[in-house]
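The values are calculated or read from the model by the stated rules, or taken from the named source; none is laboratory data. Everything numeric in this text was worked out from a predicted model, so none of it was measured. Please note: Cβ atoms are built from the backbone with ideal geometry, for glycine as well, and neighbour counts cover all protein chains shown. Each accessible area value is taken on the protein alone, full model and side chains, heavy atoms only, with ligands, DNA and RNA left out. Shrake-Rupley method; radii C 1.70, N 1.55, O 1.52, S 1.80 Å.
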Amino acid sequence: MAALQVAIGCETVSNQQLDLEPKARHNNYQTENLVIVVIDGPRFKETWGDPTKSNIPFLANELAEVGIHYNRFYNRGATYTTSGHAAVTTGNYQWMSNDGSEIPFYPSIFQLWLSNTGLHSNQVQIITSKEKLRVLSDCVDPKWRGKFNPMVNAVNREDHETLKEALTIMQQHHPKLALIHFRGPDFYGHANHWENYINSIKETDRYTYDIWEYLQRDSVYRDKTTLVVTNDHGRHHDTVRDGFVSHGDFCEGCMHINFYTTGPDFHSNLVVNQPRQIVDLSATIAEIMGFKLPTSSGSIMWELFKE
């Protein structure tokens, strides 16, 4: 993967060899870092849509009072893993091969942010439990392909291993923009193993809280970091095809997903019923992190902000 070449005096070095101070931001928000946690494929009815919220005790009890969650958040594009993640990272719906053989057309928030800040590529990290999601690091657009690419740690592995790797990377590099992906609910859903599907929702709920606790302990992140938690897609409702085993169409179960966020610039202890889409996330991230994202089709979620 080619890195951008920058001339310094008589020497030419890649942007991945540089560790520059960030350029000026476009805003005065308190957020300096942003972490996205994507939990792959749970249904809304087993998470925030469950009146008891028994499968997400940490999000619903420990984190709800310090953040915001949406009751009507949707993926209205292709409800598959790669396409859903590309919608998060580019702000555009695109039908992509789901086997990791196709990269998004549009540049990502990672590339735009690195371009804007001039920081080392290790300041943006993609850490996933599915190898195929390394496609999120680049795009087809010839103006951006092979340029300002983030660091990627994408391996087919158990989620507890991804959590350990993510915490290690954050301790070593303190990335300012990171995406952490957990595969559990999707993996066990496809395996038609209901008990493991439910247990993996509970596990990823705890792993999300573990990440939040780390952000509160670390002096680089504490009080300066926004956490976003969402899904790439849901799953069929019980009356659609093979139910929770699969996903990929425009049924309510596949499109209705979770969204939770907390950060120094957002309201707290708030439930939002305004409908929003997954492509709105990238525009909101660009706003709070202080860079332009002209290629996104999403809208800024202004209702999140205190002012």
Near pairs, Cβ below 8 angstrom, 6+ apart or cross-chain, from region 161-183 (under 23 Å from Gln30 (Cα atoms)) to any residue that is open to solvent by 50 Å² or more (accessible area, probe 1.4 Å) and among the β-branched types (Val, Ile, Thr): His174/Val220
Selected residue (only one of Trp212, Trp194 is free of Cβ contacts under 8 Å to residues at least 60 places away in the same chain and either open to solvent by less than 10 Å² (accessible area, probe 1.4 Å) or not aliphatic (A, V, I, L, M) (or both)): Trp194
Count of residues meeting criterion [under 22 Å from Ile285 (Cα atoms), open to solvent by 10 Å² or more (accessible area, probe 1.4 Å) and aliphatic (A, V, I, L, M)] in region 230-262: 1
Residue among Ser200, Ser219 that alone is surrounded by 22 or more Cβ atoms within 10 Å (Cβ to Cβ) and of a type outside the set (Phe, Trp, Tyr): Ser200
Yes/no for Ser268 being surrounded by fewer than 16 Cβ atoms within 10 Å (Cβ to Cβ), hydroxyl-bearing (Ser, Thr, Tyr) and touching a residue at least 24 places away in the same chain (Cβ under 8 Å): yes
Any helices (runs of 4 or more DSSP H) falling wholly within region 160-268 and containing at least 3 residues that are farther than 25 Å from Ala78 by Cα: 194-217
Breaking point among (1) crowded, with 17+ Cβ neighbours inside 10 Å; (2) closer than 30 Å to Leu119 by Cα; (3) touching a residue at least 60 places away in the same chain (Cβ under 8 Å), for Arg276: (2)
For Leu136: the one exception among (1) within 22 Å of Phe291 (Cα to Cα); (2) without any contact (Cβ under 8 Å) to a residue 40 or more places away in the chain: (2)
